[in-house]
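J.: I have a structure here, written as structure tokens, and I will follow up with some questions on it.
Every number in this text was worked out from the coordinates using simple rules, so none of it is lab data. These numbers were taken from a predicted model, which means no experiment stands behind them. Cβ placement follows ideal geometry from the backbone for every residue including glycine, while neighbour counts extend to all protein chains displayed.
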Amino acid sequence: MTTDINVRTGQTGKMSVRKLKNNNSSSSRSVKKIAIVGLPNTGKSQVFNNLTGKYALVANYPLTTVEMKKTKCLIDGQTYEIIDTPGFHCLYIHSEEELIVRDMIFKEAPDILLQCIDANQLKQSLTLTADLLELGIPMVISLNAIDETAKKGIWIDSAGLSQTLGVPVIESIAVNGLGTKDLKASISKARRGKSNLRYGKFIEDGISAIASELPENIRFKQKAAILLLLNDPFLSDYLTKECGQQKVAQLTEQVNRFMRQFNGHLGRALNNKRNRWVNELAENTTRKQKIAPGQFSAAFGRLSRHPVFGIPILLMVILMMYLLVVNVANGIASWMGQTLWIPVESKIDSLVTVQWLNDFLIGDYGVLSLGLANAFLTILPILTVFFFAFNILEDIGYIPNLCVLTKRIFDKVGLSGSAIMPLVLGFGCKTMATLTTKSLRSKKERYIAIYLIAFAIPCAAQMALNMSILGRMGIKPFAIAFSALAFVEIAAGVILNKILKEEERSDFLQELPAIRLPNPKAVIVKTYYRLWWFIKEAVPVFIYAAVTLFVIDKAGILGAVKNVLSPVMNGFLGLPVQMVDALILCMARHEAAAGLIIKLIEAGKLNYIQCIVAVTITTMFVPCFANIMAMVKELGARRAITMAVIINASAFFIAASLNWVLVMLIGQ
């Protein structure tokens with residue numbers, strides 16, 4: 001048996017692939033675990049990519065990583081399993097997302113913790129460092145983004161930090177791969193850290209007494225005892241599974257007895273000691289120039305989330321994306337169709353004289369015309385331009401500022417706090433956005449957020465194709481369609497907010513990353529991987545969908561379905577009956593449906609109003625399969641299916657209403 005493992009060499013960008021054979025010598029070699037941990041948006045996924053040669057999505061905002069990713073690689077002859085984890089702030093857990101990381105640490109006990117620290121967030125990161133040091137696991141620290149602090153006139157003494165903490169501290173610029181070679185070399189030198197953080201004799205005696213009562217199978221007893229004293233909301237569940245309810249009851253009684261003996265607020269006392277330790281360490285290892293350079297990035301961040309100036313900036317961003325898709329992407333797609341596809345289609349048409357085979361290859365439902373040519377020559381150029389622009393926005397750090405700007409709107413639909421970020425992330429990937437809702441404590445907020453993500457928010461790929469479709473008719477239909485989608489999205493949120501039972505909502509705490517100039521190489525790499533994922537996942541679906549439509553068309557089933565639905569399509573929605581094909585393709589992949597709509601426009605079968613209605617209904621109709629599976633994971637099968645049915649019924653009703661309004665106002 002052979003396992004392929006990607007290994008990066010010391011030089012960034014050079015990669016070698018080695019084969020590990022499971023013979024007697026290699027099987028005896030133990031696989032060590034390295035958990036990459038840190039605050040959200042501190043470069044964990046980028047370090048994961050640099051160490052392993054794999055690719056995990058990287059962006060300049062929190063919640064990019066929502067689930068753990070694992071892969072094996074060789075570093076200095078030793079096999080490691082590298083684990084990329086979601087961001088968390090401390091071992092005292094505030095959400096289920098953070099609980100995933102702590103459970104992994106407590107249950108799997110990684111051999112090494114690799115903490116990523118953004119040099120711009122040194123104090124916040126050192127709070128987590130204090131927690132990790134108390135676990136006693138060997139550590140390495142990657143001090144990332146040192147180029148940004150240097151531009152601000154800030155210098156961090158990494159050698160002094162390493163000496164104080166007792167663990168290797170490696171300076172890095174992860175996005176460029178700088179520091180990766182030193183980071184790999186330091187892994188074999190990882191060691192248990194040291195800390196002069198003291199809580200006082202009375203508290204430490206109490207911690208030791210509680211720790212001594214914990215069963216042998218409980219790892220990190222000292223830390224578990226501290227979390228018990230802090231009344232961690234999730235720890236008792238973990239301890240109940242590990243040592244039984246009776247033992248947990250005894251520990252709870254012992255903790256309560258100690259709390260009664262303590263004069264003051266124990267949690268505040270522990271946090272004050274830790275904050276003092278963090279502040280002293282940060283002050284001792286940080287130097288700042290008295291005259292710092294101008295902060296254009298900070299000013300742009302403030303303006304982009306300002307209630308007055310933020311709106312024009314948002315409209316400018318949307319306009320730029322629209323112009324890029326309509327003027328650049330559509331032009332490339334048209335050129336590729338004329339140059340690459342038309343000659344091939346003509347040649348096949350002249351050579352293949354058997355009618356059914358000709359139809360199978362290049363007919364209305366041809367595997368080459370509707371399948372491959374649609375995917376590679378129509379959809380791919382549009383996605384390439386849009387993803388490139390969207391990735392720049394991500395890496396600049398604009399997305400979190402947009403969350404702050406839209407807070408007032410989301411407040412009206414029953415969403416606040418951490419619910420804002422998942423909703424905005426839906427414009428990138430609805431599946432990932434749905435999975436991030438696990439961080440929401442309120443069931444009401446989670447339900448509303450998942451519904452709105454699945455309903456009228458177009459993901460990045462669909463947004464690009466909608467721009468391309470509507471842009472063929474001009475900017476006015478684009479404004480009408482997206483205004484209609486925004487209106488029904490807000491209306492749905494308001495209705496759900498009124499219907500669902502009120503619960504305590506989470507506070508609004510949005511981490512704002514630094515506004516950064518995007519790294520061109522990182523943007524290109526991310527664009528490449530997003531396009532590769534589209535090719536790998538969507539192109540087979542395009543082919544299967546074309547074959548399926550061809551078969552059911554030749555069998556007469558498709559014609560019968562169109563006859564049945566013709567009154568609904570023509571009379572109710574005002575659309576040509578060919579839109580039945582697009583709705584069927586929506587069930588497989590929205591991009592395939594968009595490609596078919598573009599063909600209908602080019603054939604002159606969709607007018608101004610029909611184009612708007614077509615985009616509206618396909619945006620709302622049937623969330624993609626991956627998103628439905630994410631909905632099932634977060635809500636359960638029954639609720640997710642019920643939600644999908646309601647969304648589809650709403651899509652027909654809203655599209656019909658929009659068609660009626662537009663006909664009344666504009667006319668046929």
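J.: Binned at 10 Å from 0, what are the whole-percent values of the Cα-Cα distance distribution for the stretch 83-228, short to long?
T.: Binned Cα distances yield the sequence 11, 37, 35, 14, 3, 0.
J.: Restricting to bridges with both residues inside the chain, how much of the DSSP beta-bridge set is antiparallel, in percent to the nearest 5?
T.: The antiparallel fraction comes to roughly 50 percent.
J.: Starting at 0 and stepping by 5 Å, how many percent of the alpha carbon pairs of the stretch 580-639 end up in each bin?
T.: Once binned at 5 Å, the Cα pair distances of the stretch 580-639 give 4, 18, 24, 19, 14, 9, 6, 5, 1.
J.: Within the stretch 201-288, how many Lys pairs sit with Cα atoms under 24 Å apart, leaving out pairs fewer than 8 places apart on the same chain?
T.: Lysine pairs meeting both conditions in the stretch 201-288 amount to 9.
J.: Could you pull out every one of the lysines with an alpha carbon less than 23 Å from that of Lys526, ignoring same-chain neighbours closer than 8 positions?
T.: Lys14, Lys44, Lys54, Lys69, Lys70, Lys72, Lys181, Lys430, Lys536
J.: Give me the Kirkwood hydrodynamic radius of the chain in Å, from all C-alpha pairs, to one decimal place?
T.: 27.7 Å
J.: For Leu372 and Ala209 in one chain, what is 0.36 nm times their gap in residues minus the Cα-Cα distance, to one decimal in nm?
T.: Gain on stretching Leu372 to Ala209: 51.9 nm.
J.: Separate question: So what's the angle, to the nearest 10 degrees on a 0 to 90 scale, between helix 475-499 and the longest Cα principal axis of the chain?
T.: So the helix axis and the longest Cα principal axis differ by about 50 degrees.
J.: Loop only per DSSP, at most 11 neighbouring Cβ atoms within 10 Å: give me the GluC sites (Glu not before Pro) in the stretch 156-225, ordered by residue number.
T.: Glu216
J.: Please determine, in degrees from 0 to 90 and to the nearest 10, the orientation of helix 637-665 with respect to the longest principal axis defined by the Cα atoms of the chain, where the helix direction is its Cα long axis.
T.: Approximately 50 degrees, to the nearest ten.
J.: Pull out the extension gain between Glu96 and Phe300, defined as 0.36 nm times the separation in residues minus the alpha carbon to alpha carbon distance; nm, one decimal.
T.: Using 0.36 nm per residue and subtracting the Cα-Cα distance, I get 70.1 nm.
J.: When a footprinting reagent is the concern and you count Cβ atoms within 10 Å, what order do Met320, Met139, Met631 take, fewest first?
T.: Working: Met320 12, Met139 23, Met631 26.
By the 10 Å Cβ count, ascending, the order reads Met320, Met139, Met631.
J.: Also: Hey, what angle do you get for helix 557-566 against the long axis of the chain, alpha-carbon based, 0 to 90 degrees rounded to 10?
T.: That helix lies at roughly 80 degrees to the long axis.
J.: After finding the eigenvalues of the alpha carbon gyration tensor for the stretch 338-467, what semi-axes result from the square roots of 5 times each, listed largest first in whole Å?
T.: 43, 17, 9
J.: Say each of Ala486 and Ile557 gets a label point 7 Å from the Cα, pointing the same way as Cα to Cβ; how far apart are those two points in nm?
T.: Computed distance between label sites Ala486 and Ile557 equals 4.2 nm.
J.: Moving to a separate point now. Go ahead and estimate [θ] at 222 nm for the chain from helices alone: -39,500 (n - 2.57) per DSSP H run with n ≥ 4, summed, over the residue count, rounded to 500.
T.: For the chain, the value works out to -18500 deg cm²/dmol.
J.: Provide the descending list of Cα extents for the stretch 201-288 along its principal axes, expressed in whole angstroms.
T.: In descending order, the Cα extents are 53, 28, 21 Å.
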